[in-house]
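A.B. asks: Please find one structure pasted underneath; my questions will follow.
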Amino acid sequence: MSSLFPTYARYPIALVKGKGSRLWDDQGKEYLDFMGGLAVTNLGHVPDEVKDALVAQLGELWHASNLFVNPFQEKAAKLLTDNSCADAVFFCNSGAEANEAAIKLARRYHQKVLGTGRYEVITFTQSFHGRTLATLTATGQDKVKEGFLPLPEGFVHVPLHDLPALEAAITDRTAAIMLELVQAEGGVIVVDPDFLRGVRELCDRHGLLLILDEVQTGMGRTGKLFAHQHYDVEPDIFTLAKGIGSGFPVGAMLGKEKLIPAFTAGSHATTFGGTPIASTVVAATIESILKQDAPARAAESGEYLVAQLSDKLLDLPLVTEIRGRGLLIGIQCTEPVADWVSELHQRGLLVVSAGPTVIRLLPSLLVSREDIDRAVELIAAVLTEAAAAKATN
């Protein structure tokens with residue numbers, strides 16, 4: 001009997017080693033990883049430059065309180081602000097914490113800087129923003145909320161791509177609008193550019209903050225360093241985690257200069273956010289992403305992957321659409337995909353679902369053409385066999 005709470009429906013695979021796009025289990029079996037720890041290992045497993053920086057820092061300093069000057073954080077933050085529209089960074093430990101910080105910053109800006117008293121945040125159905133009480137309430141999926149009542153007030157949900165419904169939801173309590181530019185957990189739904197421009201216009205007209213959750217889309221995953229760089233829209237606040245630390249737990253909330261007065265000393269804090277180890281890993285990850293032009297490689301590989309999947313799968317009756325951006329790809333199927341995901345694992349390809357009927361692909365941004373071809377071959381084989389079996393029943 002395990003000593004762990006059974007909060008995960010775990011696949012029956014014990015992974016013990018990884019390098020690049022490969023993983024190995026405790027039996028020595030090798031897997032091609034198109035899951036990426038859920039968009040975490042953007043540079044592949046154990047990237048050399050990040051490993052070297054981490055090992056060096058382990059011999060120097062692990063932790064110092066955030067009550068002291070932290071030059072490691074300063075370096076990581078400058079790399080982020082130099083390569084984005086943001087002016088300031090708050091480091092934390094996860095995507096949920098980053099989104100909590102964004103929500104708190106939006107409220108405090110309205111209440112302490114502007115004096116409006118606004119506190120509500122509008123989010124979208126099928127969104128996913130985290131598992132804390134505030135972020136699961138912000139999430140537009142009921143399944144993550146079961147058994148956690150009462151939920152905190154201050155969140156309103158509207159359908160994605162429905163500007164009239166969004167505008168109707170805005171009141172004198174609204175502080176911000178928060179969304180993902182690809183609803184990854186919600187089925188790999190890409191936000192339409194015209195809709196995002198409409199959201200930005202509503203924020204400007206009503207004095208609201210635009211918060212973009214880039215926890216899964218950030219750090220090159222979509223073919224740009226940040227997904228919002230595909231659009232002619234800048235957020236007031238955006239959040240990062242997952243790919244920012246190459247597997248080391250770290251998150252970040254970034255904001256515009258006008259928001260800095262809202263987060264004064266003592267207004268928000270975390271013991272482990274931006275430790276010397278975490279900040280060193282973040283800096284090494286960003287430097288390696290930029291040095292290898294990983295976003296551009298993700299864009300090119302993503303186009304190739306979508307083309308190959310479309311060629312091999314779209315004639316199958318079980319597949320209706322291939323969608324996504326960069327190397328965040330969803331295969332929309334007509335039936336639940338759980339059994340097919342498990343079969344792919346058995347054949348040595350790790351993928352994950354995005355809702356009940358979507359197979360989600362999240363390979364390393366540095367994935368090779370050969371590995372893409374192998375993954376497509378395996379997916380096509382499993383879905384072709386499933387279609388043939390369905391036809392004979």
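A.B. asks: Of the residues that make up the range 137-160, is at least one within 22 Å of E97 (Cα to Cα), among the aromatic types (F, W, Y) and open to solvent by less than 10 Å² (accessible area, probe 1.4 Å)? I'd like the intermediate steps shown before the answer.
C.D. replies: Step one: of the range 137-160, the residues within 22 Å of E97 (Cα to Cα) are 137-157.
Pick out the ones that are also among the aromatic types (F, W, Y) and you get 148, 155.
Filter once more, so that each one left must be open to solvent by less than 10 Å² (accessible area, probe 1.4 Å): none.
No, there is no match, as no residue in the range 137-160 is within 22 Å of E97 (Cα to Cα), among the aromatic types (F, W, Y) and open to solvent by less than 10 Å² (accessible area, probe 1.4 Å).
A.B. asks: Still on this structure, please answer the following. Tally time: how many residues in the range 118-152 are out of contact with any Leu (no Cβ under 8 Å at 6 or more places or on another chain) and free of Cβ contacts under 8 Å to residues at least 40 places away in the same chain?
C.D. replies: Looking only at that region, the number is 11.
A.B. asks: Can you say whether S279 is of a type in the set (G, A, S), in contact with a Phe, Trp or Tyr (Cβ under 9 Å, 6 or more places away or on another chain) and touching a residue at least 12 places away in the same chain (Cβ under 8 Å), as far as the supplied structure shows?
C.D. replies: Values: of a type in the set (G, A, S): yes; in contact with a Phe, Trp or Tyr (Cβ under 9 Å, 6 or more places away or on another chain): yes; touching a residue at least 12 places away in the same chain (Cβ under 8 Å): yes.
Yes.
A.B. asks: Regarding the range 324-335, can at least one residue be identified that is within 25 Å of the chain's Cα centre (by Cα), of a type outside the set (D, E), surrounded by fewer than 18 Cβ atoms within 10 Å (Cβ to Cβ) and under 30 Å from K19 (Cβ atoms)?
C.D. replies: For the range 324-335, residues within 25 Å of the chain's Cα centre (by Cα), of a type outside the set (D, E), surrounded by fewer than 18 Cβ atoms within 10 Å (Cβ to Cβ) and under 30 Å from K19 (Cβ atoms): absent.
A.B. asks: Something else about it: Within the range 10-43, track down each residue that is part of a loop (DSSP other than H, G, I, E, B) and within 27 Å of M219 (Cβ to Cβ).
C.D. replies: Step one: of the range 10-43, the residues part of a loop (DSSP other than H, G, I, E, B) are 10-14, 21, 26-29, 34-35, 40-43.
Matches in the range 10-43: R10, Y11, I13, S21, F34, M35, V40, T41, N42, L43.
A.B. asks: Being under 15 Å from G255 (Cα atoms), open to solvent by 60 Å² or more (accessible area, probe 1.4 Å) and either among the hydroxyl-bearing types (S, T, Y) or in contact (Cβ under 8 Å) with a residue 24 or more places away in the chain (or both) is true for just one of K78, K104. Which residue is that? Can you show your working first?
C.D. replies: Numbers: K78 fails: either among the hydroxyl-bearing types (S, T, Y) or in contact (Cβ under 8 Å) with a residue 24 or more places away in the chain (or both).
Answer to the check: K104.
A.B. asks: Oh, and also: Specify the residue that is nearest to Q292 (Cα to Cα); the eligible residues are those in the range 57-75 that are without any contact (Cβ under 8 Å) to a residue 24 or more places away in the chain and assigned to a helix (DSSP H, G or I).
C.D. replies: E74
A.B. asks: While we're on this one: What residue, of F34, F5, F68, F72, is open to solvent by 50 Å² or more (accessible area, probe 1.4 Å) and in contact with a helix residue (DSSP H, G or I) (Cβ under 6 Å, 6 or more places away or on another chain)?
C.D. replies: Values: F34 fails: open to solvent by 50 Å² or more (accessible area, probe 1.4 Å); F5 fails: in contact with a helix residue (DSSP H, G or I) (Cβ under 6 Å, 6 or more places away or on another chain); F68 fails: in contact with a helix residue (DSSP H, G or I) (Cβ under 6 Å, 6 or more places away or on another chain).
Of the residues listed, the single one that is open to solvent by 50 Å² or more (accessible area, probe 1.4 Å) and in contact with a helix residue (DSSP H, G or I) (Cβ under 6 Å, 6 or more places away or on another chain) is F72.
A.B. asks: Scan the range 169-214 for residues that are open to solvent by less than 40 Å² (accessible area, probe 1.4 Å), touching a Phe, Trp or Tyr at 6+ places or on another chain (Cβ under 9 Å) and part of a loop (DSSP other than H, G, I, E, B) and jot them down.
C.D. replies: E180, L181, A184, G186, V191, E214
A.B. asks: Restricting the first residue to the range 302-317 and requiring it to be open to solvent by 50 Å² or more (accessible area, probe 1.4 Å), which pairs with a second residue that is hydroxyl-bearing (S, T, Y) and at pLDDT 95 or above meet a Cβ separation below 8 Å and a spacing of at least six or different chains?
C.D. replies: That search, which allows pairs on different chains as well, returns P317/T334.
A.B. asks: Restricting attention to the range 87-94, does a residue exist that is over 26 Å from A138 (Cβ atoms) and of a type in the set (D, E)?
C.D. replies: First, the residues of the range 87-94 that are over 26 Å from A138 (Cβ atoms): none.
Taking every residue of the range 87-94 in turn, none turns out to be over 26 Å from A138 (Cβ atoms) and of a type in the set (D, E).
A.B. asks: So, one more: Limited to the range 39-94, what total is found for residues that are over 29 Å from I260 (Cβ atoms) and of a type in the set (K, R)?
C.D. replies: Residues meeting the conditions: 1.
A.B. asks: Of all residues in the range 257-292 being open to solvent by less than 40 Å² (accessible area, probe 1.4 Å) and out of contact with any helix residue (DSSP H, G or I) (no Cβ under 6 Å at 6 or more places or on another chain), which is nearest to L54 (Cα to Cα)?
C.D. replies: The selected residue is A278.
A.B. asks: Can we say A102 is out of contact with any helix residue (DSSP H, G or I) (no Cβ under 6 Å at 6 or more places or on another chain), of a type outside the set (S, T, N, Q) and under 19 Å from Q216 (Cβ atoms)?
C.D. replies: On the way: out of contact with any helix residue (DSSP H, G or I) (no Cβ under 6 Å at 6 or more places or on another chain): yes; of a type outside the set (S, T, N, Q): yes; under 19 Å from Q216 (Cβ atoms): yes.
Judged against the criteria, A102 is a match.
A.B. asks: Right, next: Can you tell me which residue is surrounded by the fewest Cβ atoms within 10 Å (Cβ to Cβ) among those in the range 81-98 that are over 16 Å from T285 (Cβ atoms) and aliphatic (A, V, I, L, M)?
C.D. replies: By that ranking, first place goes to A88.
A.B. asks: Mind listing whichever residues of the range 113-125 are touching a Ser or Thr at 6+ places or on another chain (Cβ under 9 Å) and not in a strand (DSSP E or B)? If you could, list the steps in order and put the result at the bottom.
C.D. replies: Kept after step one, since they are touching a Ser or Thr at 6+ places or on another chain (Cβ under 9 Å), are these residues of the range 113-125: 118-123.
Selection gives R118, Y119.
A.B. asks: Something else about it: Just for the range 344-392: of the residues that are under 20 Å from L314 (Cβ atoms) and charged (D, E, K, R), which one is surrounded by the most Cβ atoms within 10 Å (Cβ to Cβ)?
C.D. replies: R360
A.B. asks: Across the range 119-135, what is the total count of residues that are in contact with an Asp or Glu (Cβ under 9 Å, 6 or more places away or on another chain), open to solvent by less than 50 Å² (accessible area, probe 1.4 Å) and closer than 13 Å to A106 by Cα?
C.D. replies: Adding up the residues that qualify gives 1.
A.B. asks: Then there's this: When both residues are 6+ apart or on different chains and their Cβ atoms are under 8 Å apart, which pairs have a first residue that lies in the range 14-42 and is farther than 19 Å from I379 by Cβ, and a second that is among the hydroxyl-bearing types (S, T, Y) and exposed (fewer than 14 other Cβ atoms within 10 Å of the Cβ)?
C.D. replies: Within 8 Å, no pair qualifies.
The values are calculated or read from the model by the stated rules, or taken from the named source; none is laboratory data. Note that the structure is predicted; figures quoted are calculated from it, not measured. Glycine also receives a Cβ, built like all others from the backbone with ideal geometry; neighbour counts cover every protein chain displayed. Areas reflect the complete protein model, heavy atoms only, side chains present, ligands, DNA and RNA absent. Shrake-Rupley method; radii C 1.70, N 1.55, O 1.52, S 1.80 Å.
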